[in-house]
Amino acid sequence: MPSIKSHLVALVLKHTRKKAFRSAEAFRDRVAAARRLEDHRPPRAIATMLDIEETAIDGFPVYDVSPRAPVGTRRLLYLHGGAYCFQMTAYHWGLVAEMATRLACKVTVPIYPLAPEHDFHAMLAMVMSTYRAMLEATPSRDIVFMGDSAGGNMALVVTMTAAEAGMPLPARHVLISPGTDMTVTNPETRAAALTDPWLGIPGGLEAVRLYCAGIDVADWQISPIHGDLSVLPPTIILSGTRDLLYPDTLLFVEKARRAGVEIELVTGKGMIHVWPLIEMPETRMARDRIVAWLQAGDAAPAASGRQLKSVPSA
């Protein structure tokens, strides 16, 4: 069974964050309120533990986070979630700090432009510029893209855009509850929305409208499931069964495997959207799995979906 704490987290989200996704208006109100409170900077506790260098690309901050101990050759590009409308949070920074420390690597965190003030074109351009800058210092074979939710969507789109441009591609993907299909045409997605304590379709569609710049939502730049998945590197995806994105994740994994992608699906039974970011017993198990998978290096991922054995089933 899922832990008591996971149930409590879901309950709190249902009575707080879920409200923002119940309508387009509620979502816009939530974004406006967030702008008055958001602070993308690393929390002080993290800044005192790690070496953090701030630069700027296309006028937006980029943080390079490294442990004080010697680092290896691996480098992560971390793309935060937030429906393309919300800023980096302490939860994201907590994951970044842990990955930098446990993997002894530098993690690059672009604070990319957000909607509605900016759109898809500005977001993609800034992250592509960040990736190009990384390639000047680090071979692509040592670069891993990690992203949660909208950041997982962006990781896929950036890799596919780089492939289209003939650029070197990252060695691996770590995707946490990624958005893969923004069309919401899968009837199982609508059914999943009824049990998701956090996300909702009306607010989600408004987020897409605000950032997509008029691009057809079925275009692979918005819904990467409709693109050429054969260019993707070995990938691990962590997705919870109480996430409205989970049904599309299953379809994405199936299509990617048919395209020849080495992909492992870690299913959190009873888990919510981006559960590996939120502190609870299942979070530790999920992060251990990410670290083990990356440390395995060139070891081939499993050929079929695998549930995380340490995450109890519902």
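The values are calculated or read from the model by the stated rules, or taken from the named source; none is laboratory data. Here the structure is a predicted model, which means the values were calculated and not measured. Here the Cβ is made from the backbone with ideal geometry for all residues, glycine too, and neighbour counts use every protein chain on show. We work out accessible area using only protein heavy atoms, side chains counted, and drop any ligands, DNA or RNA first. Shrake-Rupley method; radii C 1.70, N 1.55, O 1.52, S 1.80 Å.
For the reader, a short list of remarks on this structure follows.
- Members of the stretch 222-256 found to be part of a helix (DSSP H, G or I) and hydroxyl-bearing (Ser, Thr, Tyr), listed by number: Ser230, Tyr246, Thr249
- Inter-residue pairs, beta-carbon under 8 Å, first basic (Lys, Arg) and in the stretch 158-174, second outside any loop (DSSP other than H, G, I, E, B) and open to solvent by less than 50 Å² (accessible area, probe 1.4 Å), 6+ apart: Arg172/Val144; Arg172/Phe145; Arg172/Thr235; Arg172/Ile236; Arg172/Leu294
- Matching residues in the stretch 79-105 - criterion: being surrounded by fewer than 24 Cβ atoms within 10 Å (Cβ to Cβ), touching a strand residue (DSSP E or B) at 6+ places or on another chain (Cβ under 8 Å) and not in a helix (DSSP H, G or I): Cys105
- Scanning the stretch 195-203 for any residue that is free of Cβ contacts under 8 Å to residues at least 40 places away in the same chain, open to solvent by 10 Å² or more (accessible area, probe 1.4 Å) and more than 19 Å from Ile290 (Cβ to Cβ) turns up nothing.
- Check on Thr189, within 17 Å of Asp216 (Cα to Cα) and β-branched (Val, Ile, Thr): no
- Residues located in the stretch 155-174, provided they are over 21 Å from Asp243 (Cβ atoms), open to solvent by less than 30 Å² (accessible area, probe 1.4 Å) and not in a loop (DSSP other than H, G, I, E, B): Val158, Thr159, Met160, Thr161, Ala162, Arg172
- Residue match in the stretch 141-154 (condition: surrounded by 16 or more Cβ atoms within 10 Å (Cβ to Cβ), among the aliphatic types (A, V, I, L, M), farther than 22 Å from Asp216 by Cα and out of contact with any Pro (no Cβ under 7 Å at 6 or more places or on another chain)): yes
- Looking across the stretch 229-248 at every residue that is open to solvent by 10 Å² or more (accessible area, probe 1.4 Å) and of a type in the set (Val, Ile, Thr), the one that is farthest from Val291 (Cα to Cα) is identified as Val231.
- Cβ separations smaller than 9 Å between residues 6+ apart or across chains give the following pairs from the stretch 266-289 residues that are farther than 23 Å from Ala193 by Cα and at pLDDT 95 or above to residues that are of a type in the set (Asp, Glu) and in a helix (DSSP H, G or I): Arg287/Glu98.
- Qualifying residues in the stretch 213-228 (those that are touching a residue at least 60 places away in the same chain (Cβ under 8 Å) and under 20 Å from Phe252 (Cα atoms)) - the one most open to solvent (accessible area, probe 1.4 Å): Asp228
- Residues located in the stretch 175-187, provided they are open to solvent by 10 Å² or more (accessible area, probe 1.4 Å) and touching a residue at least 60 places away in the same chain (Cβ under 8 Å): Asp181, Asn186
- Residue that is surrounded by the most Cβ atoms within 10 Å (Cβ to Cβ), among those in the stretch 106-137 that are part of a helix (DSSP H, G or I) and either without any contact (Cβ under 8 Å) to a residue 24 or more places away in the chain or among the small types (Gly, Ala, Ser) (or both): Ala122
- Qualifying positions in the stretch 257-287 - surrounded by fewer than 24 Cβ atoms within 10 Å (Cβ to Cβ) and assigned to a loop (DSSP other than H, G, I, E, B): Ala259, Gly260, Val261, Glu262, Lys269, Gly270, Ile278, Glu279, Met280
- Close Cβ contacts (under 8 Å, 6 or more residues apart or on different chains) running from residues in the stretch 56-75 that are more than 13 Å from Thr108 (Cβ to Cβ) to residues that are open to solvent by less than 30 Å² (accessible area, probe 1.4 Å) and among the polar types (S, T, N, Q) comprise Thr73/Thr138.
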